[in-house]
Amino acid sequence: MGVVMALSVFIFIYSYNTTLLDFLRSQPTTWELKIPEEEFAAGVMDAEVKYGYLILTETSKWIGPAAEDPSMRHAGNNLACSNCHLKAGTQAGSGSWVGVTDRYPQFRGRENKVGTIEERINGCMERSMNGRKLGEDTREMKAMVAYMTWLGEGMPEEKITEFKGYPGIQLPEVAVDLEKGKAVYTQHCVICHGEDGQGAPQPNGPGYVYPPLWGTDTYNNGAGMHRVITAAEFIRSNMPYLEATKDNPKLTDEEAYHVAGYINSFSRPEKSELAADFPDKKLKPVSTPYGPWTDDFSPEQHKYGPFQPIIEYYQKEYGIKKTK
């Protein structure tokens, strides 16, 4: 009788604890966005994550022109990756890295294939950083991926959209007006990026507090930011810096549009072999400023718009719905 009673008690306790555990697992978990600067300062980062953080926030020093070892100079300019992916990649609306590794592998039209996160990083190295690829098995590549993965640890599904890419804008149905863009730049951008667009260097060491927007030490003409629509989406959600957010922009869609065109009207480094981009030319974003294209719109219109007629053409001719 004692054995039976003991067994009954055991079954009851086991069933209760199992039910409680299932209940707890079913409850939404509390997730908080990491603050990398604080965790770095506190010395609690994993070594590989820490190295990735350093590379992405001090890119020139570790894998750029200021690297001590010439073989490590993969970035061709003195930008940091975090000059665009703001707040060490945690700011929503700035191409955040929070959750990004969960979205790869994914199809990308520029290569016309399913690519890995490592290939995506190397795309930035060749374009935004105007440099050359890293080996996918190198310590540096693994560290960057480890940092990005760490940022998204435990992120619930309902947060995915919040941190993905750039929010779209309502495109003006006119071409970029460079004079309007200059006026916006003068009012909102000069204080950080300077009248000559050359930014503000770090006071102690390589890199920039505020990056150059044109000239020789910035992203090249093959970068996504050289497309007016992409640049306008980024600008509206993030500029002026520390004032705007995706949920509380300071510029109108039209202001962001014109100033994006103004910034991209200046010369910058040129990437070779751009004609090889987008093997299926129909997949090319309408604001890609370099040919060839599968339409008869002018290079000027592809660079400065208006973009609605191009969007409508691809919808009608190919059944492709484009937003940028």
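The values are calculated or read from the model by the stated rules, or taken from the named source; none is laboratory data. As the structure is a prediction and not an experimental result, all values here were calculated from the model. Glycine gets a Cβ as well: all are built from the backbone with ideal geometry, and neighbour counts include every protein chain shown.
Data overview
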{"read-out": "Selection from segment 46-72 of residues that are in contact (Cβ under 8 Å) with a residue 12 or more places away in the chain and part of a loop (DSSP other than H, G, I, E, B)", "value": "46, 58, 64, 65, 66"}
{"read-out": "Residue in segment 8-27 that is within 21 Å of the chain's Cα centre (by Cα) and either at pLDDT 55 or above or β-branched (Val, Ile, Thr) (or both) present", "value": "no"}
{"read-out": "Within segment 34-45, considering residues that are in contact (Cβ under 8 Å) with a residue 40 or more places away in the chain and part of a helix (DSSP H, G or I), the one farthest from residue 153 (Cα to Cα)", "value": "37"}
{"read-out": "Condition broken by residue 245, with the remaining ones in (1) under 24 Å from residue 220 (Cα atoms); (2) touching a residue at least 60 places away in the same chain (Cβ under 8 Å); (3) not aromatic (Phe, Trp, Tyr) satisfied", "value": "(1)"}
{"read-out": "Cβ-Cβ under 6 Å pairs, at least 6 apart or on other chains, segment 204-217 side over 16 Å from residue 65 (Cβ atoms), far side assigned to a loop (DSSP other than H, G, I, E, B) and among the charged types (D, E, K, R)", "value": "214/268"}
{"read-out": "Number of the condition not met by residue 79 [criteria: (1) in contact (Cβ under 8 Å) with a residue 60 or more places away in the chain; (2) assigned to a helix (DSSP H, G or I); (3) not aromatic (Phe, Trp, Tyr)]", "value": "(2)"}
{"read-out": "Which numbered condition residue 116 misses (of (1) surrounded by fewer than 22 Cβ atoms within 10 Å (Cβ to Cβ); (2) in contact with a Leu (Cβ under 9 Å, 6 or more places away or on another chain); (3) among the polar types (S, T, N, Q))", "value": "(2)"}
{"read-out": "Residue match in segment 207-216 (condition: out of contact with any strand residue (DSSP E or B) (no Cβ under 8 Å at 6 or more places or on another chain), within 28 Å of residue 132 (Cβ to Cβ) and part of a helix (DSSP H, G or I))", "value": "no"}
{"read-out": "Tally, over segment 182-201, of residues that are within 23 Å of the chain's Cα centre (by Cα) and buried (at least 16 other Cβ atoms within 10 Å of the Cβ)", "value": "9"}
{"read-out": "Complete set of residues in segment 115-138 that are under 17 Å from residue 64 (Cβ atoms) and part of a loop (DSSP other than H, G, I, E, B)", "value": "127, 128, 129, 130, 131, 132, 133, 134, 135, 138"}
{"read-out": "Identity of the residue in segment 87-111, surrounded by fewer than 22 Cβ atoms within 10 Å (Cβ to Cβ) and hydroxyl-bearing (Ser, Thr, Tyr), that ends up farthest from residue 278 (Cα to Cα)", "value": "90"}
{"read-out": "Within segment 302-324, tally of residues that are surrounded by 17 or more Cβ atoms within 10 Å (Cβ to Cβ) and either at pLDDT 95 or above or over 17 Å from residue 260 (Cα atoms) (or both)", "value": "10"}
{"read-out": "Matching entry among 149, 138 (being within 16 Å of the chain's Cα centre (by Cα) and among the polar types (S, T, N, Q))", "value": "149"}
{"read-out": "Selected residue (criterion: surrounded by the fewest Cβ atoms within 10 Å (Cβ to Cβ)) from residues of segment 137-178 that are in contact (Cβ under 8 Å) with a residue 12 or more places away in the chain and of a type in the set (S, T, N, Q)", "value": "170"}
{"read-out": "Number of positions in segment 144-195 that are on the phi < 0 side of the Ramachandran plot and part of a loop (DSSP other than H, G, I, E, B)", "value": "20"}
{"read-out": "Some residue of segment 309-321 being within 21 Å of residue 165 (Cα to Cα) and touching a strand residue (DSSP E or B) at 6+ places or on another chain (Cβ under 9 Å)", "value": "no"}
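Residue-wise test of (1) touching a Ser or Thr at 6+ places or on another chain (Cβ under 7 Å); (2) surrounded by fewer than 22 Cβ atoms within 10 Å (Cβ to Cβ); (3) not assigned by TED's automatic domain parsing to the domain that holds residue 290.
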site	(1), (2), (3)
223	yes, no, no
233	no, no, no
236	no, no, no
241	no, yes, no
251	no, no, no
258	no, no, no
266	no, yes, no
274	no, yes, no
278	no, yes, no
